[in-house]
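Undergrad: This is the structure I have questions about; it appears just below.
The values are calculated or read from the model by the stated rules, or taken from the named source; none is laboratory data. Values in this document were obtained by computation on a predicted structure and should not be read as measured data. Cβ atoms come from the backbone with ideal geometry, glycine included; neighbour counts cover every protein chain shown. When the accessible area is computed, the model is the full protein with side chains, heavy atoms only, and any ligands, DNA or RNA have been set aside. Shrake-Rupley method; radii C 1.70, N 1.55, O 1.52, S 1.80 Å.
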Amino acid sequence: MSSTNVPPGGSRLLHVTFVPNGTGGGGSWLTMTHNDPGSPDSVLLSGSGYTPAMPVLSGSSLTFVYPDGPELQTRELYIRNAGDVTLFVDTIESANSQYFAEMPVAQIAPGDSQPVSVTCNPDTGQAPDGYIVIRYAGTSPPDTVSLTYDIVLAAGLDGNLPETPVLRQNYPNPFNPSTNVSFVLAERSRVVLTVYDILGRRVEIVVDEVLGPGEYTRRWNAGGQPAGVYYYRLQAGEYTGTRSMVLTR
């Protein structure tokens, strides 16, 4: 409002808008000049900006490994609230009936984390891959977590494990949008399987865990990645192996 007239005994409503440029508090003054001898008048203004509820997942995928045949297994991921107000989890939906998720506490205070338990019940045979969708109250967009069922040939199954790790060529190749990567471990070790683009930039860490001797197959879903050549690198103990693969669209 630049100027206005107020009749004797009347009033005018003045709107003041606060637009924070970050979190934390701030203050200012509003000065009004008028034709009264006491002009001008000043009004102290104060406001505080905040970050809305902001969910951050501990991971975008969960893998269920079955060395001894189908059985009920549960994995956990965590939702952290990086905002300044309480985060409310509305629903958690599974796209496959063989996976179900539950969360004991549906609200997360600022800075806190809460677990989400995901259980795979393969019934008989191999459970297909799936995903869960976590929806939040308010304006936070939903999160999707991919779920993968891995077959493991345990050590001693055929008695022919190699002396050093082996990284196999992915299949199918070329692929769209997902492919399988198999590798063989000769002994228990920490395993890191990483995908890189053609410029050497890390795209995704597919595996980062300690695994025993045996043969493993992991699936990588390229999602919204552009078509082109990618590299996948396996690190297991002192072993490092790299192969290339082609994503088509």
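Undergrad: Pairs please, first residue from the stretch 162-176 and within 15 Å of residue 240 (Cβ to Cβ), second anywhere and open to solvent by 70 Å² or more (accessible area, probe 1.4 Å) and modelled with pLDDT of 90 or more, Cβ atoms under 7 Å, 6+ apart in sequence or on different chains.
TA: These pairs meet every condition: 167/243.
Undergrad: Here's a follow-up. Answer yes or no as to whether residue 193 is closer than 29 Å to residue 95 by Cβ, modelled with pLDDT under 90 and in a strand (DSSP E or B).
TA: No: the conditions fail for residue 193.
Undergrad: How do the pairs read when you match residues in the stretch 64-90 that are more than 17 Å from residue 115 (Cβ to Cβ) and part of a strand (DSSP E or B) with residues anywhere that are open to solvent by less than 90 Å² (accessible area, probe 1.4 Å) and at pLDDT below 90, using Cβ under 6 Å and keeping only pairs 6 or more apart or on different chains?
TA: Within 6 Å, the pairs are 65/150; 65/152.
Undergrad: Hey, among the residues in the stretch 130-142 that are over 14 Å from residue 83 (Cβ atoms) and modelled with pLDDT under 90, which one's least open to solvent (accessible area, probe 1.4 Å)?
TA: Looking at the filtered set, the residue picked out is 130.
Undergrad: If you don't mind, there's one more thing I want to ask. From the residues in the stretch 53-111 that are hydroxyl-bearing (Ser, Thr, Tyr) and modelled with pLDDT of 90 or more, which one is farthest from residue 147 (Cα to Cα)?
TA: Looking at residues that are hydroxyl-bearing (Ser, Thr, Tyr) and modelled with pLDDT of 90 or more, I get 86.
Undergrad: Same structure again: I'd like to know if the stretch 143-156 contains one or more residues that are crowded, with 19+ Cβ neighbours inside 10 Å, more than 26 Å from the chain's Cα centre (by Cα) and at pLDDT 70 or above.
TA: No; the residues of the stretch 143-156 include none that is crowded, with 19+ Cβ neighbours inside 10 Å, more than 26 Å from the chain's Cα centre (by Cα) and at pLDDT 70 or above.
Undergrad: Another question, then. In the stretch 198-217, which residue that is open to solvent by 10 Å² or more (accessible area, probe 1.4 Å) and under 20 Å from the mean Cα position of the chain (by Cα) is nearest to residue 248 (Cα to Cα)?
TA: 203
Undergrad: Mind checking which pairs have a first residue in the stretch 23-41 that is closer than 30 Å to residue 54 by Cα and a second that is at pLDDT 75 or above and among the acidic types (Asp, Glu), Cβ under 7 Å, 6 or more apart or different chains?
TA: Once the first residue is closer than 30 Å to residue 54 by Cα and sits in the stretch 23-41, its partners that are at pLDDT 75 or above and among the acidic types (Asp, Glu) give 23/84.
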